[in-house]
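Notes for the one structure printed next.
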Amino acid sequence: MLSWLWRILVGALLLSVVMVALLRFIDPPIWSWRIERAISPPAPIKQVEHDWVALDAISPQLQLAVVAAEDQHFPDHNGFDMAAISSAWQHNEQGGRVRGASTLSQQTAKNLFMWSDRSFVRKGIEAWFTLLMELGWNKSRILEVYLNIVEFGPGIYGAEAAARHYFHKPAARLTRYEASLLAAALPNPWRYRVSPPSPYVAQRAAWIRRQMSQLGQVTLNRIHRVK
């Protein structure tokens with residue numbers, strides 16, 4: 001029995017390495033979060049919208065907006081923001097609303113490979129996939145995959161579908177204001193209204209634009225390795 005369990009574990013590890021290596025070059029046609037939503041959506045979905053585009057076909061404004069909103073240390077960490085994890089742990093120990101500290105790399109791993117519960121098993125497997133992605137991909141690829149599979153609304157996956165659904169234009173033409181609205185809805189795209197923005201989304205979008213000004217083009221240059 002132990003021998004078979006060991007073989008299964010080694011096989012699973014090797015399969016995960018191969019999957020991540022292939023997805024460095026192949027755009028995934030489906031991913032776990034989309035499958036889970038199709039099986040058990042929070043509410044009925046009228047239609048699914050998705051159109052994969054390369055990172056250079058996504059407005060730099062949206063690229064910077066999601067970094068400002070979700071993970072400002074994205075260019076620098078190795079997949080895990082230890083300072084943010086420590087801060088979230090201390091906050092959660094005090095009780096009240098639970099706060100997470102997932103990086104864009106972790107969120108990409110979760111959306112691609114994982115299910116939605118908060119168990120330690122799931123977080124452990126998520127950490128493994130995050131580590132593999134950070135070792136085998138560059139930051140540009142992680143950001144590209146994230147922006148193409150993240151959920152911007154019920155049945156709306158990826159930047160291109162979101163730009164066309166909410167603003168009737170391709171993702172490449174999103175303005176700073178529009179990008180900040182999309183990024184503001186990311187914590188709960190089924191609840192937060194993008195267009196017209198709810199008061200909360202408008203307030204959070206204004207904060208994101210201020211953060212974008214502070215991060216600046218230099219942050220994108222570091223992600224894209226432009227000297």
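The values are calculated or read from the model by the stated rules, or taken from the named source; none is laboratory data. Keep in mind the model is a prediction, meaning the values are calculated, not measured. Note: ideal-geometry Cβ built from the backbone for every residue, glycine included; neighbour counts use all protein chains shown. Quick note on the areas: whole protein, heavy atoms, side chains included, nothing else; ligands and nucleic acids left out. Shrake-Rupley method; radii C 1.70, N 1.55, O 1.52, S 1.80 Å.
Picking from residues in the stretch 90-104 that are open to solvent by 70 Å² or more (accessible area, probe 1.4 Å) and more than 18 Å from ASN188 (Cα to Cα), the one that is modelled with the lowest pLDDT is GLY96. Taken over the stretch 161-216, the residue count meeting the criterion of being among the polar types (S, T, N, Q) and open to solvent by less than 10 Å² (accessible area, probe 1.4 Å) is 1. Residues that are of a type outside the set (A, V, I, L, M, F, W, C), open to solvent by less than 10 Å² (accessible area, probe 1.4 Å) and over 20 Å from TYR192 (Cβ atoms) within the stretch 120-147 comprise GLU126, THR130, listed in sequence order. Looking at the structure I just gave you, is LEU55 under 20 Å from HIS165 (Cα atoms), surrounded by 14 or more Cβ atoms within 10 Å (Cβ to Cβ), hydrophobic (A, V, I, L, M, F, W, C) and touching a residue at least 12 places away in the same chain (Cβ under 8 Å)? Yes: the conditions hold for LEU55.
For (1) in contact with a Phe, Trp or Tyr (Cβ under 9 Å, 6 or more places away or on another chain); (2) among the small types (Gly, Ala, Ser); (3) modelled with pLDDT of 95 or more; (4) open to solvent by less than 70 Å² (accessible area, probe 1.4 Å), each residue gets a yes or a no:
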residue	(1), (2), (3), (4)
LEU64	no, no, yes, yes
ALA88	no, yes, no, yes
GLN106	yes, no, yes, yes
ALA109	yes, yes, yes, yes
ARG118	no, no, no, no
ILE149	yes, no, yes, yes
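For the stretch 109-119, filtering for residues that are part of a helix (DSSP H, G or I) and either in contact (Cβ under 8 Å) with a residue 60 or more places away in the chain or over 20 Å from LEU14 (Cα atoms) (or both) leaves 4.
So that you can scan it fast, the table gives a plain yes or no per residue for (1) in a helix (DSSP H, G or I); (2) within 13 Å of LEU147 (Cα to Cα); (3) charged (D, E, K, R); (4) open to solvent by 30 Å² or more (accessible area, probe 1.4 Å):
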position: LEU13; (1), (2), (3), (4): yes, no, no, yes
position: VAL17; (1), (2), (3), (4): yes, no, no, yes
position: ARG34; (1), (2), (3), (4): yes, no, yes, yes
position: PRO44; (1), (2), (3), (4): no, no, no, yes
position: ALA68; (1), (2), (3), (4): yes, no, no, no
position: HIS77; (1), (2), (3), (4): no, no, no, no
